[in-house]
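The values are calculated or read from the model by the stated rules, or taken from the named source; none is laboratory data. Note that the structure is predicted; figures quoted are calculated from it, not measured. All Cβ positions, glycine included, derive from the backbone under ideal geometry; neighbour counts span all protein chains shown. These accessible areas exclude ligands, DNA and RNA; they are computed on the full protein's heavy atoms, side chains included. Shrake-Rupley method; radii C 1.70, N 1.55, O 1.52, S 1.80 Å.
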Amino acid sequence: MTEQSQGPALDNLLTESRTFPPSDEFAAAANAGPDLYAAADADREAFWATQAERLHWDTKWDRVLDWSDAPFAKWFVGGKLNVAYNCVDRHVESGHGDQVAIHWEGEPGDTRTITYSDLLAEVSKTANALTELGLQTGDRVAIYMPMVPEAIFSMLACARLGLTHSVVFGGFSAEALRSRIEDAAAKLVITTDGQYRRGKPAPLKPAVDEAVAQTPTIEHVLVVKRTDTEVAWTEGRDIWWNDLVDKQSDQHTPEAFDSEHPLYILYTSGTTGKPKGILHTSGGYLTQASYTHFNVFDLKPDSDVYWCTADIGWVTGHSYIVYGPLSNRVTQVVYEGTPNTPHEGRHWEIVQKYKVSIYYTAPTLIRTFMKWGKDIPAKYDLSSLRVLGSVGEPINPEAWIWYRENVGANRTPIVDTWWQTETGSIMISPLPGVTATKPGSAQKALPGISAKVVDDQGKEVPHGGGGYLVLDQPWPGMLRGIWGDNERYRDTYWSRFAEQGFYFAGDGAKYDNDGDIWLLGRVDDVMNVSGHRISTTEVESALVSHPTVAEAAVVGATDPTTGQGIVAFVILRGDAVDGGEDAVKALRDHVAKEIGPIAKPRQVMVVPELPKTRSGKIMRRLLRDVAENRSIGDVTTLADSTVMDLISQGLNKGS
Ligand code: WTA
């Protein structure tokens, strides 16, 4: 942690006091009642065993939890299951083969309806194809794809074969893909020729070609034709999906794997430049993804139409498009494109078309909808909606109320769900038929989960007090480590409160007077831009890799739409060009190329110096003051106290 993050900011202590209890009808029909908390409190392990029984196990576990090697957990020890069987086959076997699993909506308006029988056939064919390519249980497969059905078939085929997938967001750069392939030593990349983005096809495969030129572990590149974009082709290495998968048998017998078999690796930003490969395994992960999806969204498999707007490149897509929903026999919408293509009512048009009843999205998108205006959702029939969800960052009460009024007709419960890539599934959230919800608060740890707000010393703070969010009990979906780096796993999450054995989430939080939890954002050097985690160091290293940059410091500044916006302060090299518009544009583009467009700084400010402490640490707190147009705070720990004057003068001159 750096100097500015010694304590979470409490300046936004919230004064929100409205509450919204569920209606009697909703509560009466809800999957989860208040007894769920009581059951979990009575015996946590027995509670999780009951939840695990919602899945099909080929071999039952002989022990629920082994925490003897903490912080490396083992859940459902000795149990064996096949994750894909649980998400697909068993629904066909129980007579629901004709139920629609996925209503897929392409950005240009093309559609596919995929029943559970179709899904079983597709996943089986894909599994047979991966076997033909020589992949074996335990091998890693990179998936770098837009939101096409084949992405889901690929994930499930990996799960079916015991291959560990590493999905890399399709908006990431070739360099980001390369480093992730290298870290996991993946043997195969599955991709597409191109992807639709805001109405236009954009090439995707060139980034794969660039990445795999430097990753000798890759044996094949499997390419789905999506945009009919012309692509370069390496004979022997590259294979069209249609040529390989279509000819396979649609029969495939799944094998059961150990409960702790690695299911996937998903990279997320940490406080250093190198992303962490978060490792999730099978039995515990699926248990919690399934349980939370069923109870937090009150899923009724026979009547609901569910839609989670995330991309499968993020953990929300893993747990709440693929594993949780499909394990619960969901009927869901999967949408390929952006929310304003071809018009700003696209989401509501989709809700109306498929009669979506559960809608799960991110605060940044809700604030974007607010900006576009309430007239847009008002044009559509949204009466099918009955539960709304939010994830990714703290939702401000204003956005929460707007969501409830303009999307939920003042009627639907809103579940504000707090969790992380590392937690695997939702941890803190209201239950829609139980909790009287509060705009802006995630409120309570779910039954079976324990979370606390503690001070610097690890002591729980009283109601009304603020501090750090910790998880004080292991949970089934918890990460099992950082791929290839046990040391970093201990350091990052378990060293801050080592004495107490708490998992440190990196978030600030407070209790209100009722003891409900309010999340206050990250307390480390991780920014949250539109719900995406990006580390300041990652952007700084991208900037300094540009030949004109001598030094760079990056901060996340409050942004009304994206939550935080990336603001970069750079010192140019002596002989470099001046800090004019072209130079700034070149730097923004350079970051987009190095990491991906989501990491493009909102602003780049060229400065003569950076504020540093005597020990050389950059004082980001002061830079944040500049970025947020505040008067500069305490500068007494600066090595050179005139630096801030220099920065302010330079900026006034420059802009
Ligand atoms: C933030 C996304 C407040 C938080 C599932 C966390 C939230 C980080 C919420 C994880 C929420 C997520 N309220 N903050 N409901 N949900 N966060 O790994 O800072 O992409 O640590 O997982 O997002 O982001 P990640």
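For segment 353-358, backbone phi angles converted through the Karplus equation (6.51, -1.76, 1.60; θ = phi - 60°) give residue-by-residue couplings of 4, 9, 6, 4, 10, 10 Hz, Gly and Pro being listed as x. What do you get for GluC sites (Glu not before Pro) in segment 437-516 restricted to DSSP loop and a cutoff of at most 12 other Cβ within 10 Å of the site's Cβ? Counting only loop positions with at most 12 other Cβ atoms within 10 Å, the GluC sites (Glu not before Pro) in segment 437-516 are Glu499.
Of the residues Ala207, Gln649, Trp494, the one whose Cα sits farthest towards the positive end of the charge dipole of the chain is Gln649 (charges of +1 on Lys and Arg Cβ, -1 on Asp and Glu Cβ, taken about the Cα centre).
In loop segments of segment 205-274 as defined by DSSP, the chymotrypsin sites (Phe, Trp or Tyr not before Pro) with at most 14 further C-beta atoms inside 10 Å of their C-beta are Trp233. Close amide H partners of Asp507, meaning residues 5 or more places away or on another chain with modelled amide H under 5 Å apart, are Leu469, Val523.
Per-residue 3J(HN,Hα) values for segment 68-82, derived from phi via the Karplus relation 6.51 cos²θ - 1.76 cosθ + 1.60 with θ = phi - 60°, read 5, 9, 3, x, 9, 8, 10, 10, 6, 4, x, x, 9, 7, 10 Hz in sequence order (x marks Gly and Pro). Over all orientations, segment 80-225 has a Cα convex hull whose mean projected area works out to 8.8 square nanometres. Surface analysis of segment 68-142 yields an accessible area of 34 Å² per residue, using protein heavy atoms and a 1.4 Å probe. Annotation for segment 446-552: trypsin sites (Lys or Arg not before Pro) lying in DSSP loop with at most 14 further Cβ atoms inside 10 Å of their Cβ are Lys459. Diagonalising the gyration tensor over the Cα atoms of segment 359-426 and scaling each eigenvalue by 5 before taking the square root yields semi-axes of 22, 13, 9 Å, largest first. Ellipticity at 222 nm from helices only: DSSP H runs of n ≥ 4 in the chain, each -39500 (n - 2.57), divided by the residue count, give -7500 deg cm²/dmol. Note: relative contact order over segment 475-520, using C-alpha pairs below 8 Å and six or more positions apart, is 19 percent.
Per residue, segment 222-319 exposes an accessible area of 34 Å² to a 1.4 Å probe, with every protein chain left in place. Segment Asp485..Asp228, full-extension length gain: 88.5 nm, with 0.36 nm per residue of separation and the alpha-carbon distance subtracted. With viscosity set to 1.002 mPa s and temperature to 20 °C, compute the Stokes-Einstein D of the chain, Rh being the Kirkwood radius across alpha carbon pairs; µm²/s, no decimals. Estimated diffusion coefficient is 84 µm²/s. Once C-alpha pairs closer than 8 Å and six or more residues apart are averaged by separation and normalised to the residue number of the chain, the relative contact order reads 14 percent.
Our coupling estimate for segment 402-411, obtained by passing each phi through the Karplus curve with A = 6.51, B = -1.76, C = 1.60 and θ = phi - 60°, is 4, 4, 4, 6, 8, 10, x, 6, 6, 10 Hz, Gly and Pro reported as x. From the alpha carbon centroid of segment 438-493 to that of segment 567-609 is 36 Å. Taking every alpha-carbon pair in segment 330-480 and binning the separations at 10 Å intervals from zero gives 10, 36, 33, 16, 6, 0 percent.
With the cut-off at under 14 Å, measuring from each backbone N in segment 352-367 to a point 7 Å along the Cα-to-Cβ line of Gln603 picks out no residue.
Percent antiparallel among DSSP beta bridges with both residues in segment 164-263, to the nearest 5? The answer is about 35 percent antiparallel. In segment 152-291 the Cα-Cα distances spread across 10 Å bins starting at 0 as 10, 36, 36, 16, 1 percent of all pairs. Taking the accessible area of the chain, probe 1.4 Å, and keeping the other protein chains in place, the carbon and sulfur fraction comes to 48%. Treating each Cα of segment 552-655 as one equal point scatterer and applying the Debye formula with no solvent, the log10 of I(q)/I(0) at q = 0.24 Å⁻¹ comes out as -1.41.
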